Amino acid sequence: MEHQEQEQQQQQRFVRKNMAIYDAQRRQEKKRTRRTVFYVFLFLAITAIFLTVCVFVFLNVEEVKVDGLSKYSSEDIMQYVPINIGDNIYSFDSEEIETAIKEALPYVASVDIDRDLPTTVNVNVVEETPYFAAELAGDVFIMSPGLKVLERIEDTTADSIDLTGLSLRSVQKCIVGSTVEFVDERTLDALLELYQAF
């Protein structure tokens, strides 16, 4: 009987000892996990601060280059580019500037603004090609091959302009900077197909 009690006591001691070891291991694992999380967080915070400082201190605009111009000058384009020397290179929205330029200057077909790190901004402009001259309501309208209205000239005739003459009927809207709109929408498609065939 005594022998059994001693065995039970030894077993209980063994179980308690194992439980204590298991608890100690769990506490150590938790400590290790917390320490790892802390160091990862610290590393990410330091990296974020470093990158922020780099962006706002070192990446400032020193030069704005404008390419692809013939109809407009660099000054014409720069009126719609609110970027100053010394501004942060990420402080502006490229899409907004591109849209503003295209809306203000009809001869601009497309604009691409890209950042040439660390300090240069490139404004690449593709201009429309004047191709057609059409007389409407006493004025001559210069148009691109896609029938975008590029310019309105008063007091002249289409014959006096060295472009392909175009006779237009049933025009609903003819606004500089926009594509010609016809009463029948199919007319535009038909004219564009005809131009492509030529």
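Quick one: net charge around residue 89, please, counting Lys, Arg +1 and Asp, Glu -1 for every other residue with C-beta under 11 Å from its C-beta. Write down the numbers at each step before the final one.
Details: positive: 115; negative: 62, 63, 87, 114, 116.
Net charge around residue 89: -4.
Any chance you could give the angle, 0 to 90 degrees and rounded to 10, that helix 2-53 forms with the longest Cα principal axis of the chain?
30 degrees
Write down the percent of antiparallel bridges among all DSSP beta bridges whose residues are both part of the chain, to the nearest 5.
70 percent
What FRET efficiency comes out for the pair residue 60/residue 195, r = Cβ-Cβ distance, R0 = 41 Å, nearest 0.05? Please report the intermediate quantities before stating the final value.
Working: r = 47 Å, r/R0 = 1.14.
Between residue 60 and residue 195 the formula returns 0.30.
Mind giving me the nanometre distance, one decimal, between the label points for residue 87 and residue 119, set 7 Å out from Cα along Cα→Cβ?
About 1.8 nm separates the two model spin labels.
Relative to the longest principal Cα axis of the chain, at what angle does helix 94-104 sit, 0 to 90 degrees, rounded to 10?
10 degrees
Pop a pseudo-label 7 angstrom from the Cα along the beta-carbon direction at both residue 188 and residue 73 and give the gap in nm to one decimal.
3.4 nm
Compute the distribution of all C-alpha to C-alpha distances in the stretch 37-78, in bins of 10 Å from 0, and list the percent of pairs in each, rounded to whole numbers.
Pairs per bin, as whole percents: 23, 24, 19, 17, 13, 5.
Counting only other residues whose beta carbon sits under 10 Å from that of residue 68, what net charge do I get with K and R as +1, D and E as -1? Working shown, then result.
Details: positive: none; negative: 67, 112, 127.
So the environment of residue 68 carries a net charge of -3.
Please give the net charge around residue 176, taking every other residue with its beta carbon less than 10 angstrom from that of residue 176, where Lys and Arg add +1 and Asp and Glu add -1.
Local charge sum for residue 176: +1.
Just the accessible area per residue of the stretch 69-198, please: how many Å² with a 1.4 Å probe?
That works out to 58 Å² per residue.
Modelling each spin label as a point 7 Å along the Cα-to-Cβ direction, I'd like the residue 112/residue 137 distance in nm, to one decimal.
Placing both labels 7 Å beyond Cα along the Cβ direction yields 3.7 nm.
The values are calculated or read from the model by the stated rules, or taken from the named source; none is laboratory data. Source: prediction; values computed, not measured. Positions of Cβ are generated from backbone atoms using ideal geometry, with glycine treated the same way; all protein chains shown enter the neighbour counts. Protein only, heavy atoms only, side chains kept; ligands, DNA and RNA dropped before computing areas. Shrake-Rupley method; radii C 1.70, N 1.55, O 1.52, S 1.80 Å.
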